[in-house]
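To keep things clear, I will list the structure first and then write my remarks on it.
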Amino acid sequence: MAFEARAKVLDAEDLNRIIRRIAHEILERSKGSDELALVGIRTRGVFLAQRLGEMIEEIEGKPVAVGALDISLYRDDVATRGASKIGVTEIDFDTNDKKVVIVDDVLYTGRTIRAAMDALMDFGRPQVVQLAVLIDRGHREVPIRADYVGKNLPTSGNEKVKVLLEEVDGIDMVEIGEEREP
Amino acid sequence: MSEDGNGHRHLLSIADVDRDFIISLLDSARSFAEVSTRPIKKVPALRGRTIANLFLEPSTRTRISFELAAKRLSADVISFSGSTSSISKGESLKDTAKTLVAMGVDAVVIRHSSAGSPKMLTGWVDCSVVNAGDGMHEHPTQALLDLFTMRERLGYLEGLKVAIVGDIDHSRVARSNIHALNKVGAEVLLVAPRSLLPQRIEGMGVDITGSLDEALGWCDVLYLLRIQLERVEESRFPSLREYTLQYGLTQTRWSNLKRKPLVMHPGPMNRGVEIESSVADEVESVITGQVTAGVAVRMAVLYDLLGGSHG
């Protein structure tokens, strides 16, 4: 299957503005960065969480805890879909009584977030858990919604949203397109 | 890792697997190692799967390690040994295995004194089989955890110089390690008296020496094997004292080394035979580290077999 882009949805500047806005929204809702922690879902959520963390530090003048979550072992479709390559979970801070914001690139069925919440709860009992996503493309299969959304992007089921980030892809960009048989 | 006609994956020997399998397993073992450091040391990856530990030869650490690995993946585990099961009533391995599978087991982890029994088992049962040590043949998960430990401690495997010391002939641990180290591009030097080396061992792509001191000057990793005390009775070597003098890691040898290698041992150690007790105390953290790595590596193996990673 090859991805065929139909339109560019966001460029590097748009992405930067979104990160800045969401950082402010998180700080507004959490009343500052005390007790705040960001946890990105591997792979691209981790980089978004790091960027949000840097932005929050820039605004507040003090660092915020950032972690990485790999949810492969919590998926509900291991049996049917097959196990993917497993990444390392790095949460080297105490999550008890923290205000944790889960960060991911695309919110789609909601199953990834369901798995992420299960994984997160194995590390402790946060005071609050919230969700920040860059793109919400709809089509939820479980009752989950995001607290902070970069961009709502209504899609059809056979469309695909592709998020490219500097850290892994060498460029910041979000595209919408379709999977085609080559 | 081999796959049978019914789509079940097995881990029977290191000779069967390729370099890529070994490396990707070591990579994922790193993630599983992290699970064991959490406050809640359990992930739901194999929820609803059942694993039977069939240990027909004495074993403490391997059996417990497999049991913990399965439990930390949320699989259900049934463990039984030769003395407490119908095996002691003379039930054959085949019937025991068939009984297990009739009860809906997804994988059998087997330790047996006969080489090749795990392989035979795959022909009888409709589930995955993991070799946890078969006679003098192989002990694949031990080799994987040893490589994991080497890689985590020293950072690389390719070009690593590993000296294996002791009773190579009777050692399935040595056999699996030689295969594994060869596949990842490490160099292997065997250190043993001729009477403890198998015939035609050179064909396995290893060098041989009778001098521990020569090996100590060369190696990055010194892998000591357990000397089984009954080998003295078989006249494989004159006495334990004689063995220790020539092949034991004594305090004098150890203190004289300028560049100290990583010392590893599959356990249980015979203090005063292959390693002097004071040296054993000094290097103990690596050896207990091997035990910790064992759980992570076995989690990775069970997940690979039962997680459906290949369809």
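Dividing the summed -39500 (n - 2.57) terms of all DSSP H runs of n ≥ 4 by the residue count of chain B sets its mean residue ellipticity at 222 nm at -13000 deg cm²/dmol. Based on the alpha-carbon gyration tensor of segment A:26-117 and its eigenvalue square roots a ≥ b ≥ c, which shape applies: rounded if a/c is under 1.5, prolate if not and a/b is larger than b/c, or oblate? Judged from the Cα gyration tensor, segment A:26-117 comes out prolate (a/c at least 1.5, a/b above b/c). Each residue of segment A:59-71 was assigned a 3J(HN,Hα) from its phi angle through the Karplus expression (A = 6.51, B = -1.76, C = 1.60, θ = phi - 60°), giving 6, 8, x, 9, x, 10, 5, 10, x, 10, 10, 10, 9 Hz with x at Gly and Pro. Restriction of the GluC sites (Glu not before Pro) in segment B:156-240 to DSSP coil positions whose beta-carbon has at most 15 other beta-carbons within 10 angstrom yields B:GLU158, B:GLU234. Applying the Karplus relation 6.51 cos²θ - 1.76 cosθ + 1.60 with θ = phi - 60° to segment B:104-112 yields 3J(HN,Hα) values of x, 7, 8, 8, 10, 9, 10, 10, 8 Hz, where x marks Gly and Pro. Taken as entire DSSP H runs, the helices of chain B that both span 15 Å or more between Cα atoms along their own long axis and average -0.5 or more on the Kyte-Doolittle scale are B:19-35, B:140-154, B:277-306.
Legend: P(r) of segment B:104-257 from all alpha carbon pair distances, 10 Å bins from 0, whole percents, reading 10, 36, 34, 16, 4, 0. When the charge dipole of segment B:105-236 is built from unit charges on Cβ atoms (+1 for Lys and Arg, -1 for Asp and Glu) and taken about the Cα centre, the candidate among B:VAL232, B:SER117, B:TRP218 whose Cα reaches farthest toward its positive end is B:SER117.
Using a Förster radius of 41 Å, what is the FRET efficiency between A:ILE144 and A:ILE171 based on their Cβ-Cβ separation? Nearest 0.05, please. Once the sixth-power term is evaluated, E becomes 0.90. Could you tell me which residue out of B:PRO198, B:ILE178, B:LEU157 lies farthest along the dipole of segment B:141-290 toward its positive end? Charges go on the beta carbon: Lys and Arg +1, Asp and Glu -1, centred on the Cα centre. Farthest along the dipole direction, towards plus: B:LEU157. When you filter the trypsin sites (Lys or Arg not before Pro) in segment B:183-213 for DSSP loop state and at most 12 other Cβ atoms inside 10 Å of their Cβ, you are left with B:ARG200. Assuming charge only on the beta carbon of Lys and Arg (+1) and of Asp and Glu (-1), the dipole of chain A about its Cα centre is about 480 debye to the nearest 20. For A:LYS160, the residues whose modelled amide H falls within less than 5 Å of its own, excluding neighbours fewer than 5 places apart on the same chain, are A:GLY177, A:GLU178, A:GLU179. The calculated Kirkwood hydrodynamic radius for segment A:56-182 is 16.4 Å, given to one decimal from all distinct C-alpha pairs. Note on the protein assembly as shown: Rg/Rh from Cα positions, Kirkwood definition for Rh, rounded to two decimals, is 1.05. Annotation: amide H of B:LEU190 within the under-5 Å range of B:ILE164, B:ASP207, B:ILE208, B:THR209, sequence separation 5 or more or interchain, hydrogens built in the peptide plane. Applying the Kirkwood pairwise sum to the alpha-carbon positions of segment B:227-289 produces a hydrodynamic radius of 12.4 angstrom. Full extension of the chain between B:GLN246 and B:GLN199 yields a length gain of 14.8 nm, computed as 0.36 nm times the residue separation minus the alpha carbon distance.
Suppose every Lys and Arg Cβ carries +1 and every Asp and Glu Cβ carries -1, with no other charges. What dipole size does the protein assembly as shown come out with about its Cα centre, to the nearest 20 debye?
On the way: 61 positive and 72 negative charges, 184 e Å.
In debye, rounded to 20, the protein assembly as shown gives about 880.
Rg and Dmax of segment B:1-143, both derived from C-alpha coordinates alone, stand at 15.0, 44 Å.
Within 10 Å of each candidate Cβ there may be at most 14 other Cβ atoms; applying that plus a DSSP loop requirement, which chymotrypsin sites (Phe, Trp or Tyr not before Pro) in segment B:174-264 survive? Passing both the DSSP loop test and the Cβ count: no residue. The coefficient of translational diffusion for chain B, derived via Stokes-Einstein from the alpha carbon Kirkwood radius under 4 °C and 1.567 mPa s, stands at 65 µm²/s. Counting charges near B:PHE32 (Lys, Arg +1; Asp, Glu -1) among other residues having Cβ under 9 Å from its Cβ returns a value of +2. Magnitude of the charge dipole for segment B:141-290, about its Cα centre and with charges confined to Cβ atoms of Lys, Arg (+1) and Asp, Glu (-1), is about 160 debye.
Just so you know, all these numbers are worked out from the coordinates, no wet-lab data involved. All figures in this text were calculated on a predicted structure; none of them were measured in a lab. Every residue, glycine among them, receives a Cβ derived from its backbone with ideal geometry; neighbour counts consider all protein chains shown.
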